[in-house]
Amino acid sequence: MAMEAAVAMQTRAVGVVGGGSRSGALGVGGDRRPRAGSLRIGGSAGGAALRARGAKPVAPLCCVKTSRGQQSLHNSVDEALLLKRKAEQVLFELNGRCIYLVGMMGSGKSTVGKILAEVLGYSYFDSDSLVEQAVGMPSVAQIFKVHSEAFFRDNESSVLRDLSSMQRLVVATGGGAVIRPVNWSYMKKGMSIMLDVPLDALAKRIAQVGTASRPLLDQPSADPYTAAFAKLSLLAEQRGDAYANADVRVSLEEIAAKQGHGDVSQLTPTDIAIEALQKIQNFVNEHSMASGPFEDL
């Protein structure tokens with residue numbers, strides 16, 4: 001089904017200009033109402049590198065700050081080398097298959113996704129941003145307000161359907177993308193990774209940055225943390241079974257325990273990306289991914 005307001009991503013010599021930015025809206029003129037449909041995404045043979053339009057460049061891995069209040073160049077270089085080695089170990093087995101990051105809002109899908117894309121030589125896309133561009137509105141919150149959650153979900157499914165026909169992508173999905181079974185049929189064409197973050201840590205993150213961009217949490221409250229924790233707990237209960245469909249689960253509590261941290265906030269995004277690559281490698285080894293079509297596993 002065609003979408004008149006869809007974003008056309010043009011194939012270029014260096015790859016495809018896509019949509020991974022939350023900045024800039026495409027206006028919808030007159031009384032025309034955008035309809036759910038197909039997001040036209042150009043592709044290039046052989047999995048050429050893709051660049052998301054407006055996406056901010058990923059910071060050099062050697063310059064990632066530690067969560068201990070100082071920047072340790074030595075530790076960051078060690079992390080970068082380990083990350084590179086892990087990526088080299090899984091790149092062949094992935095064979096160009098896309099990676100889909102799922103998890104609760106605020107779980108770090110975008111941050112970790114950009115790191116994974118950088119080290120794997122993949123392109124990064126944010127499904128929420130692609131929906132915003134296709135619909136011609138600046139934010140998910142506005143789409144919910146002007147249209148409805150169902151309207152957003154229809155467009156989200158269209159975006160995931162189109163992305164699933166491509167290769168060599170890391171896609172950060174919206175927190176609720178898991179609730180529609182059809183979306184799993186698209187994501188299962190690649191590798192899905194669930195980022196499991198304690199609800200307490202999620203609520204603290206969201207309370208600090210605000211909820212204006214998160215329509216399911218944006219409610220007046222004298223205590224943002226308490227309100228966020230209550231809503232996140234409800235969403236986690238509703239979506240728990242759906243998140244369990246992910247091929248691998250990356251638990252921040254487990255990573256923190258292995259590193260001797262008492263709090264997941266002490267982990268760096270690179271720590272999480274390294275664990276994600278390790279989980280991918282374990283999955284590959286267990287399921288012999290390279291031996292046949294992914295759908296047959």
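For the set Phe229, Phe125, solvent exposure ranked by accessible area (probe 1.4 Å, protein chains only) runs largest to smallest as Phe229, Phe125.
The accessible-area ordering, largest first, of the residues Glu93, Glu132 stands as Glu93, Glu132, per a 1.4 angstrom probe. Rg/Rh for region 69-190 stands at 1.04; both radii use Cα atoms, and Rh follows the Kirkwood definition. Only protein heavy atoms count here; under a 1.4 Å probe, Ile206 has an accessible surface of about 0 Å². Pairs exceeding a 31 Å alpha-carbon distance, out of Lys145/Lys258; Lys145/Lys279; Lys84/Lys145; Lys114/Lys258; Lys114/Lys204; Lys86/Lys189: Lys145/Lys258; Lys145/Lys279; Lys84/Lys145. Each of the peptides 264-274, 98-108 was scored by the mean count of other Cβ atoms within 10 Å over its residues; in descending order, highest first, they stand as 98-108, 264-274. Relative protection proxy for 231-242, 182-193, from highest mean packing down: 182-193, 231-242 (other beta-carbon atoms within 10 angstrom). For region 85-124, the dipole from Cβ point charges (+1 on Lys and Arg, -1 on Asp and Glu) about the Cα centre works out to 80 debye, to the nearest 20. Cross-link partners for Lys188 among the aspartates and glutamates, with Cα-Cα distance under 15 Å and sequence neighbours closer than 8 places in the same chain left out: Asp162, Asp247, Glu295, Asp296. Just to compare against my own numbers: the Cα pair-distance distribution for region 116-177, 5 Å bins, whole % per bin, please. Going out from 0 Å in 5 Å bins, region 116-177 shows 4, 18, 29, 22, 13, 9, 4, 1 percent.
Ordering Gly103, Gly136, Gly174 by Cα displacement along the dipole of region 102-175 toward the positive end leaves Gly103 in first place; charges were set at the Cβ atoms of Lys, Arg (+1) and Asp, Glu (-1). State, to one decimal in nm, how far the label point of Asp263 lies from the label point of Gln208, with both points 7 Å from Cα in the Cβ direction. Taking the two extended label points, one gets 0.9 nm. Heavy-atom accessible surface of Arg85, to the nearest 10 Å², is about 120 Å², with a 1.4 Å probe and all protein chains retained.
The values are calculated or read from the model by the stated rules, or taken from the named source; none is laboratory data. Predicted model only: the values in this text are computed from it and were never measured. Neighbour counts run over all protein chains shown; Cβ positions are idealised from the backbone, glycine included. Remember, those area values only see protein heavy atoms, side chains included, never the ligands or the DNA or RNA. Shrake-Rupley method; radii C 1.70, N 1.55, O 1.52, S 1.80 Å.
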